[in-house]
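Please treat every number below as a calculation from the coordinates, not as lab data. It should be emphasised that the depicted structure is a prediction, and the values quoted were computed from it without experimental measurement. Cβ sites come from the backbone with ideal geometry, for glycine too, and all protein chains shown count toward neighbours.
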Amino acid sequence: MFSLPIANRAEQYPLHPTKIIAMGLNYRDHIAESQSVKVQGFTQEIPKEPVVFPKTLNVLVPSGEAIVIPSFLRDYAFPDPRVDYEGELAFIVADRCKNVPEGEALKHIFGYTCMNDVSQRNLQNGDRSGWFRGKSLDTFGPIGPRIVLAEEIGDPQSLDIQSRLNRKVVQKSNTRYMIWGIAEILAFVSRNFTLEEGDIITTGTPSGVGRMRDGDIVEVEVEKIGVLRNPVVEER
């Protein structure tokens, strides 16, 4: 694992999650583009409760390291192979907690950072077990470039979020447009799973997700946090 710098501090934060919990379908405009994403379980209906799924720890890479499209995918000969970027705001859990009331949820957040919930759409759409494998291939969770402490971020529901593909803006939104806010997310997740210090929860992506190819540069920027920048390479 690796460490991320903490904004306005000399120290680094060593990443040590026991789990990564990700949110799906958490921006209305992303739900509206379901026809273009074409993934099982992805419809234009607003979910009645948060949609959660896991990403495994092997996905984590820092800013600057490559997102690797694995060579084994060529064996499937998909007619339209697709690996997508998904720019998101993520947060790191401050302490062990369970059944957290929504009104106390923000007290259990250590800090915030950027994350790219990279997704292999063909596996995500075709696996009978659901989204697990297509979300958890090696390097499919870039995170960084730093952590901004919870007490320094201000209102986490008022942060501009943007993704760029080869310097072109492809996603642009604000965290105020989440269907389920950050406090609601932590409260919901903690009812289902005991959270541990260092666990990572990533909060969903706005519209504009799209395909990445060998040689691309993907940037995820969240206001007050910085730019998470990763090259894309196809494994030979």
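Before moving on, here are some points about what is shown:
- Cross-link reach list, lysines versus Lys135, counting only Cα pairs under 16 Å and skipping chain neighbours closer than eight places: Lys19, Lys38, Lys55
- The Stokes-Einstein estimate for the stretch 102-236, based on a Kirkwood radius over Cα pairs and taken at 37 °C with 0.692 mPa s viscosity, is a diffusion coefficient of 203 µm²/s.
- Loop trypsin sites (Lys or Arg not before Pro), the stretch 90-136, which have at most 16 other Cβ atoms in a 10 Å radius of their Cβ (DSSP): Arg96, Lys98, Arg128
- The chain: calculated mean residue ellipticity at 222 nm from DSSP helix runs of at least 4, using -39500 (n - 2.57): -3000 deg cm²/dmol
- Whole-Å distance, taken between Cα centres, linking the stretch 140-161 and the stretch 105-122: 9
- Mean separation of Cα pairs under 8 Å and 6 or more residues apart, divided by the residue count, gives the stretch 17-234 a relative contact order of 34 percent.
- Proximal charge balance of Ser190 [Cβ under 15 Å; K/R count +1, D/E count -1]: -3
- Unit charges on C-beta of K, R, D, E only; dipole of the chain, Debye: 440
- Ignoring aspartates and glutamates fewer than eight residues from Lys172 along the same chain, the ones with Cα atoms less than 20 angstrom from its Cα are Asp29, Glu33, Asp84, Glu86, Glu88, Asp117, Asp155, Asp160, Asp216, Glu219, Glu221, Glu223.
- Positive end of the dipole of the stretch 59-167 (Cβ unit charges, origin at the Cα centre): among Phe72, Leu165, Met115, the Cα lying farthest that way belongs to Phe72.
- Pair-distance distribution of the chain: all C-alpha pairs, bin width 10 Å, starting at 0; shares per bin in whole percent are 8, 35, 39, 16, 2.
- The local environment of Gly64, defined by Cβ-Cβ distances under 12 Å, has a net charge of -1 under the rule Lys, Arg +1 and Asp, Glu -1.
- Of the trypsin sites (Lys or Arg not before Pro) found in the stretch 162-211, those in coil by DSSP whose Cβ has at most 15 other Cβ atoms within 10 Å are Arg167.
- For a straight C-alpha distance cut-off of 15 angstrom, the aspartates and glutamates reachable from Lys98 (same-chain residues fewer than eight places away being disregarded) are Glu184, Glu196, Glu197, Asp199.
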